[in-house]
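The numbers here are math on the coordinates, done by the rules we state, and not lab data. Note that this is a predicted model, so its numbers are computed, not measured. Every residue, glycine as well, gets a Cβ built from its backbone with ideal geometry; the counts of neighbours run over all protein chains shown.
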Amino acid sequence: MDTQEEVIVYARPDSLTKTNTHYCPGCTHGVAHHLIAEVIDEMGLRERTIGVASVGCSVFAYNYMNFDFVQAPHGRAPAMATGVKRVFPDKVVLTYQGDGDLASIGMAEIVHAAARGENISVFFLNNANYGMTGGQMAPTTLPGQKTTSSPNGRDVETQGYPIRASELLATLDGASYVVRRSLHDPKNIRLAKKAIRTAFEVQLRGLGFSMVELLSTCPTNWEMTPQNSLKWLEEHMIPYYPLGDYKVNPAVAEIKG
Amino acid sequence: MPPKGRIIVSDLYCKGCELCVGACPQAVIALNPDRITAKGYHPASLFKDGCTGCGICAIVCPDAAITVYREDLRARRAIPAGA
């Protein structure tokens, strides 16, 4: 086929660096990375974006995303993003956090950032365990789910119930846009990309705190093939963490419409 | 006739996770046992005709390793009827 008669349907976004990632094969962290990079490319925000990396597998986001990044102490990405945004109100500030970071050690920071209505965008990857340290139980681990630190399955009598971060933050008046999406099939990945775009629109219009929770897989620590982990996510995580819009400020609804 | 497409998979990024293999609606992608990447994975590649350039493999690829090309349908329409 003559190359002149072809169009490029998809190419790697410019906002990703030309390095391969440390993520395990099939890890949907990579999907979240390329969605954020695509949206930043499409909106032309690369020169004015500052990311805040968290601790966990997501820490190396600063090596993979091709724009300015700072690294926060464990769980403190929303606090650092608050400072960055207040010093540089014209910049677009995002945090990229996992569930061990956001829902455990960083719970205070995320709740207060949302309560203050800080004008930042948070991308929250929920894969129901601590991936980087070897698959220990996280606040988001499902009841009965086996992890390296709950070998008989999470017992809610002694270990409590999983935290639904989106529902929790949606109760705060400062939060403008809080939604949960999943990365398990092409349709839901497309919906996730739209939500990421809306989150940036919310920030650009100064409407306040926005968070997109992305259900994600961890094939290595779940001890499954990447394909099976997508099925497990669909069958087990989505019933506990229903997808949907938990908080959409009326002013945000106009952008979406 | 569906549009013709093709994909190029980068050996630098591909980790052989097979998510594209499972997602391809035409079932024309497979890991290539004859190639091996620097990291030691067999990369994905087209193994038969039938790619339509829909781009679904690129959407699910966690490493953004796939470049998708599709035949330009405007060029096809420019051919007069009966030619």
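A few points about this structure:
- Highest mobility in the GNM of chain A, judged by mean-square fluctuation with C-alpha springs under 10 Å and restricted to A:138, A:128, A:115, is found for A:115.
- Cβ-Cβ FRET estimate between residue B:47 and residue A:243, R0 fixed at 22 Å, reported to 0.05: 0.05
- Fewest-first ranking of A:9, A:52, using other Cβ atoms within 10 Å as the exposure measure: A:9, A:52
- Distance from the Cα centroid of region A:42-97 to that of region A:184-257 is 19 Å (rounded to whole angstrom).
- 10 Å Cβ neighbours from other chains, averaged over peptide A:30-37: 4
- Dividing the convex hull volume of the alpha-carbon atoms in chain A by its residue count gives 136 Å³ per residue.
- Here the Karplus relation 6.51 cos²θ - 1.76 cosθ + 1.60, evaluated at θ = phi - 60°, turns the backbone of region B:28-37 into coupling constants of 10, 10, 8, 6, 9, x, 8, 10, 9, 8 Hz, with x for every Gly and Pro.
- Absence of a disulfide-compatible partner, taken as no other cysteine beta carbon within less than 4.7 angstrom, is noted in chain B for B:14, B:17, B:24, B:51, B:54, B:61.
- In this calculation the C-beta distance from residue A:156 to residue A:115 is compared with R0 = 45 Å, giving a FRET efficiency of 0.95.
- Counting Cβ atoms of other protein chains within 10 Å of each Cβ in B:11-24 and taking the mean gives 5.
- 16 Å cut-off, amide nitrogen to a point 7 angstrom out along residue A:228 Cα→Cβ, residues in region A:142-180: A:146-147
- Summary of packing: across the peptides B:29-38, A:100-109, A:230-239, A:150-159, the per-residue average of other C-beta atoms within 10 Å ranks them, highest first, as A:100-109, A:230-239, B:29-38, A:150-159.
- Computed from the Cα positions only, the extents of region A:74-220 along the three principal axes stand at 49, 33, 26 Å, in decreasing order.
- Cross-link reach list, aspartates and glutamates versus residue A:146, counting only Cα pairs under 18 Å and skipping chain neighbours closer than eight places: A:99, A:155, A:157, A:223, A:234, A:235
- Backbone amide hydrogens, once placed in the peptide plane, bring residue A:93 within less than 5 Å of A:50, A:121, excluding anything fewer than 5 places away on its chain.
- Here the peptides A:80-89, A:205-214, A:175-184 are ranked by packing, the mean other Cβ count within 10 Å, and the order with the highest first is A:175-184, A:205-214, A:80-89.
- Neighbouring partner chain Cβ atoms per residue of B:52-59, average, 10 Å criterion: 5
- Residue of A:185, A:245, A:68 that the Gaussian network model of chain A assigns the largest fluctuation, springs spanning Cα pairs under 10 Å: A:185
- Of all lysines in the structure, those lying under 27 Å Cα to Cα from residue A:85, and not within fewer than 8 positions of it along the same chain, are A:193, A:194, A:247, A:256.
- Here the spin labels are modelled as points 7 Å beyond Cα on the Cα-Cβ line, and at residue A:148 and residue A:14 they lie 4.1 nm apart.
- Using the average count of surrounding beta-carbon atoms within 10 Å as a protection proxy, the listed peptides A:247-255, A:71-79 rank, highest first, as A:71-79, A:247-255.
- Contour minus Cα-Cα distance for residue A:7 and residue A:70 (0.36 nm per residue): 19.0 nm
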